[in-house]
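Reading through the structure tokens given below for one structure.
The values are calculated or read from the model by the stated rules, or taken from the named source; none is laboratory data. All of these numbers come straight from a predicted model, not from anything done at the bench. Here the Cβ positions follow ideal geometry from the backbone for every residue, glycine too, while neighbour counts run over all protein chains shown.
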């Protein structure tokens, strides 16, 4: 096996590990053990903030090149792209089911590519009609039955749809702002940047705790915060914090160093595939034929759009502008 082929296979392996780690965001509503999703988000992001602070001690030398405004930007991005995004993911799963939110998130790489094409035109919009049509058809197939015959109150379904759209908008906003900030950041500070985002999300979770208590959203005061009662909550929160915020980011960085951006831009869509598999497993059911076809169309359309938009710049040996650099964009 050639060295280049070995490197590509290693990159694909790291990309699979990263997307599987990120997909763990979608299982939070299934592992609450009687606690509320607000309890889980509080514990998870406080743990993520602590992990960020511990890791920042290792990368403290990188902080020398960051000024106060960059610190605030990074921590604000943590609130937007970590706490806000993950909360929308959880709401989408709770109210819309495991497939609705996964289908919308599967479209994110395509939407990023389309936004990039709008800023740096590399293709005529007519050339993208096919992948856009596949995306729309896939979303219709996956959500047709849920909208036509909702399993619960219609208000919950629309709330799930709102959370799904909100997750997409938050991720696109996070990606755009983060990319712009990273362009002004010296290249040696990306690890410290990620740690600051984790710290920002943790601080925001703590600051929002009084509001959650006032709204009676927390069950921790009732069910207990001691280890015997809350051990499973703490275990799941720590596991997902490690997988999503630390291991996923590390594995994606390793993958992006080994893969061309055209390929890595397509592989990031695997997150939705793994999220769907995990969601169906926790729901103890198999997907319907329409759901399988719908998700397949979304993933295929996304892969086509990313390849079509990024390939010309890659062939020209340019740094591809349509999507943010996967090696520098920490995923929530």
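Identify all residues within segment 222-243 that are touching a helix residue (DSSP H, G or I) at 6+ places or on another chain (Cβ under 8 Å) and exposed (fewer than 12 other Cβ atoms within 10 Å of the Cβ); write none if there are none.
227
Rundown of residues vs (1) surrounded by fewer than 19 Cβ atoms within 10 Å (Cβ to Cβ); (2) touching a residue at least 12 places away in the same chain (Cβ under 8 Å); (3) touching a helix residue (DSSP H, G or I) at 6+ places or on another chain (Cβ under 9 Å); (4) under 25 Å from residue 198 (Cβ atoms), yes/no style:
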{"site": "213", "(1), (2), (3), (4)": "yes, no, yes, yes"}
{"site": "220", "(1), (2), (3), (4)": "no, yes, yes, yes"}
{"site": "245", "(1), (2), (3), (4)": "no, yes, yes, yes"}
{"site": "251", "(1), (2), (3), (4)": "no, yes, yes, yes"}
{"site": "254", "(1), (2), (3), (4)": "yes, yes, yes, yes"}
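Can you say whether residue 140 is at pLDDT 85 or above and surrounded by fewer than 19 Cβ atoms within 10 Å (Cβ to Cβ), as far as the supplied structure shows?
In short, no.
Does residue 281 satisfy the criteria of being at pLDDT 65 or above, surrounded by fewer than 23 Cβ atoms within 10 Å (Cβ to Cβ) and out of contact with any helix residue (DSSP H, G or I) (no Cβ under 6 Å at 6 or more places or on another chain)?
Yes; evaluated as a whole, the condition is true for this residue.
I need the full set of residues from segment 38-73 which are surrounded by fewer than 18 Cβ atoms within 10 Å (Cβ to Cβ) and more than 30 Å from residue 211 (Cα to Cα), in order please.
57, 58, 59, 60, 61, 63, 64, 65, 66, 67
Please list, ordered by first then second residue, the pairs with beta carbon atoms under 9 Å, 6 or more apart or interchain, first in segment 143-164 and under 17 Å from residue 102 (Cβ atoms), second modelled with pLDDT of 75 or more and outside any helix (DSSP H, G or I).
145/288; 146/97; 151/97; 157/97; 160/97
Within segment 121-132, identify whether any single residue is within 30 Å of residue 186 (Cβ to Cβ) and buried (at least 18 other Cβ atoms within 10 Å of the Cβ), and answer yes or no.
Checking segment 121-132: at least one residue is within 30 Å of residue 186 (Cβ to Cβ) and buried (at least 18 other Cβ atoms within 10 Å of the Cβ).
How many residues, within segment 171-181, are surrounded by fewer than 20 Cβ atoms within 10 Å (Cβ to Cβ) and in contact with a helix residue (DSSP H, G or I) (Cβ under 8 Å, 6 or more places away or on another chain)?
Number satisfying all stated conditions: 5.
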